[in-house]
Amino acid sequence: MCQSRRFNLKNQIILLELRSHMSMVTAQHLHKVFGRFTAVKDATFSIEKGEIVGFLGPNGAGKTTTMKMLTGYLPPSAGTASIAGYDIIDHPLEARRHLGYMPENVPLYEEMRVYEYLEYRARLKGICGSSVRKQIGLAIERCGLEAKRKNLISTLSKGYRQRTGLADALLGNPDLLILDEPTNGLDPNQIRQIRELIRSLAEEHTVILSTHILSEVEMICNKVIIIDQGIIKASDTPSNLTRDLRAAGRVSIEFKGDPTEVIKELEAFEPVKKVIIEDPLPGGWNRILVRAEPGTDTREKAAAIIAAHGLPMRHIYRHIPNLENVFVEMTRRD
């Protein structure tokens with residue numbers, strides 16, 4: 001009997017050690033079908049511990065459906081995923097203990113006070129005894145709700161309602177936070193406050209952040225997952241996604257004079273894919289856009305061609321791609 005107990009304890013220790021080295025989130029071939037509509041198709045990705053991940057996609061792309069599968073709100077039609085090493089199908093309760101979820105529209109009970117609501121949510125999550133007060137106190141402090149703890153939720157502004165939803169997600173000190181559009185409907189000052197709050201939370205938690213504000217993702221996320229029409233189109237760091245983007249080969253030029261020969265010679269240059277002449281500018285100036293192969297820089301060649309024709313040039317600029325360019329490129333329909 002003692003040997004059996006020692007053996008079981010040893011196995012449990014081994015399992016804990018294995019899980020400590022696993023990815024925080026692993027999704028394998030996730031598939032979700034609603035009737036004849038396929039919302040998510042064969043989604044495979046992983047998220048490491050400590051990462052802040054921006055989960056991006058157009059409306060109806062499958063973001064919320066994917067997050068609801070990860071949190072256990074929706075069962076996958078096929079495939080599986082694990083949270084902190086626990087399979088969401090085989091070990092759903094263990095997986096949920098390691099995550100905190102804030103949906104896009106936080107379902108708050110308006111007749112409750114902030115502290116009462118968080119106490120109710122803590123007990124639903126299985127937090128009991130002296131831990132309840134401690135957990136609520138920590139969540140209220142981290143989310144800046146001290147001055148509102150006794151207020152009725154019905155009297156809170158949109159920003160403080162979002163903070164209450166975040167405090168709820170933090171109860172139990174989960175390893176993973178999944179936040180669906182946490183700044184939706186907030187004014188610029190509230191967005192800035194929630195953004196700073198998320199950045200501070202990321203010091204102790206892995207965070208998945210779904211948002212339409214791409215500048216927000218660029219500022220706080222170190223990984224981006226892009227989904228479109230239910231398909232994962234990219235999963236990488238923002239810098240890697242922008243490095244080889246087609247937009248990196250775009251150069252805009254302003255010069256005076258007949259652009260015909262300049263355009264002809266530029267189009268004959270091997271890296272150039274297309275030259276677009278934009279609407280004429282005042283004073284006889286032209287603006288052209290040169291699109292070239294990724295990773296190429298046509299400024300020197302373009303400047304030499306324009307100089308050879310004796311035309312004055314006042315502007316030449318190589319476009320540096322950002323996350324918005326990546327998003328548009330990967331979700332465009334043309």
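The values are calculated or read from the model by the stated rules, or taken from the named source; none is laboratory data. Bear in mind the structure is a predicted one, so any value in this text is a computation, not a measurement. Every residue, glycine among them, receives a Cβ derived from its backbone with ideal geometry; neighbour counts consider all protein chains shown.
Among the residues of segment 124-142, at least one is touching a helix residue (DSSP H, G or I) at 6+ places or on another chain (Cβ under 7 Å) and of a type in the set (Lys, Arg).
I'd like to know if segment 226-239 contains one or more residues that are closer than 30 Å to residue 301 by Cα and either over 17 Å from the mean Cα position of the chain (by Cα) or of a type in the set (S, T, N, Q) (or both). Yes - at least one qualifying residue is present in segment 226-239. Any residue that is of a type outside the set (A, V, I, L, M), at pLDDT below 90 and either in contact with a strand residue (DSSP E or B) (Cβ under 9 Å, 6 or more places away or on another chain) or under 24 Å from residue 166 (Cα atoms) (or both) - is there at least one of those in segment 22-32? Yes, segment 22-32 contains at least one residue that is of a type outside the set (A, V, I, L, M), at pLDDT below 90 and either in contact with a strand residue (DSSP E or B) (Cβ under 9 Å, 6 or more places away or on another chain) or under 24 Å from residue 166 (Cα atoms) (or both).
Here is a yes/no grid of residues against (1) under 21 Å from the mean Cα position of the chain (by Cα); (2) loosely packed, with under 14 Cβ neighbours inside 10 Å; (3) modelled with pLDDT under 85:
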position	(1), (2), (3)
151	no, no, no
165	yes, no, no
184	yes, no, yes
209	yes, no, no
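In segment 103-122, is there at least one residue being of a type in the set (A, V, I, L, M, F, W, C), assigned by TED's automatic domain parsing to the domain that holds residue 180, in contact (Cβ under 8 Å) with a residue 60 or more places away in the chain and within 14 Å of residue 166 (Cα to Cα)? The answer is yes; a qualifying residue exists. Annotation for segment 243-264: at least one member residue is closer than 29 Å to residue 31 by Cα and modelled with pLDDT under 90. Within segment 228-237, identify whether any single residue is of a type in the set (S, T, N, Q) and modelled with pLDDT under 85, and answer yes or no. Looking through segment 228-237, none of the residues is of a type in the set (S, T, N, Q) and modelled with pLDDT under 85. No other residue among 160, 117 is more than 29 Å from residue 218 (Cα to Cα) and in a helix (DSSP H, G or I) apart from 117. Scanning segment 127-157 for residues that are without any contact (Cβ under 8 Å) to a residue 40 or more places away in the chain and assigned to a strand (DSSP E or B) yields nothing. Which numbered condition trips up residue 112, out of (1) touching a helix residue (DSSP H, G or I) at 6+ places or on another chain (Cβ under 7 Å); (2) buried (at least 20 other Cβ atoms within 10 Å of the Cβ)? Checking residue 112 against (1) touching a helix residue (DSSP H, G or I) at 6+ places or on another chain (Cβ under 7 Å); (2) buried (at least 20 other Cβ atoms within 10 Å of the Cβ), the one that fails is (2).
Within segment 179-189, one or more residues are assigned to a strand (DSSP E or B), under 24 Å from residue 27 (Cβ atoms) and out of contact with any His (no Cβ under 9 Å at 6 or more places or on another chain). Within segment 60-88, residues that are under 19 Å from residue 37 (Cα atoms) and without any contact (Cβ under 8 Å) to a residue 24 or more places away in the chain have Cβ atoms under 8 Å from residues that are of a type in the set (Val, Ile, Thr) and surrounded by fewer than 23 Cβ atoms within 10 Å (Cβ to Cβ) in these pairs: 75/89, counting only partners at least 6 apart in sequence or on another chain.
No other residue among 253, 320 is of a type outside the set (Asp, Glu), crowded, with 16+ Cβ neighbours inside 10 Å and not assigned by TED's automatic domain parsing to the domain that holds residue 59 apart from 253.
Can you say whether residue 175 is among the acidic types (Asp, Glu) and buried (at least 20 other Cβ atoms within 10 Å of the Cβ), as far as the supplied structure shows? No; evaluated as a whole, the condition is false for this residue. For segment 225-334, the strands (runs of 3 or more DSSP E) that sit wholly inside it and include 1 or more residues that are under 30 Å from residue 47 (Cα atoms) and in contact with a Ser or Thr (Cβ under 9 Å, 6 or more places away or on another chain) are 231-236.
You will find that of 123, 96, the residue that is of a type in the set (D, E, K, R), within 28 Å of the chain's Cα centre (by Cα) and not in a loop (DSSP other than H, G, I, E, B) is 96 and no other. From the list 31, 91, the lone residue that is in the same structural domain as residue 225 (by TED's automatic domain parsing) and not hydroxyl-bearing (Ser, Thr, Tyr) is 91.
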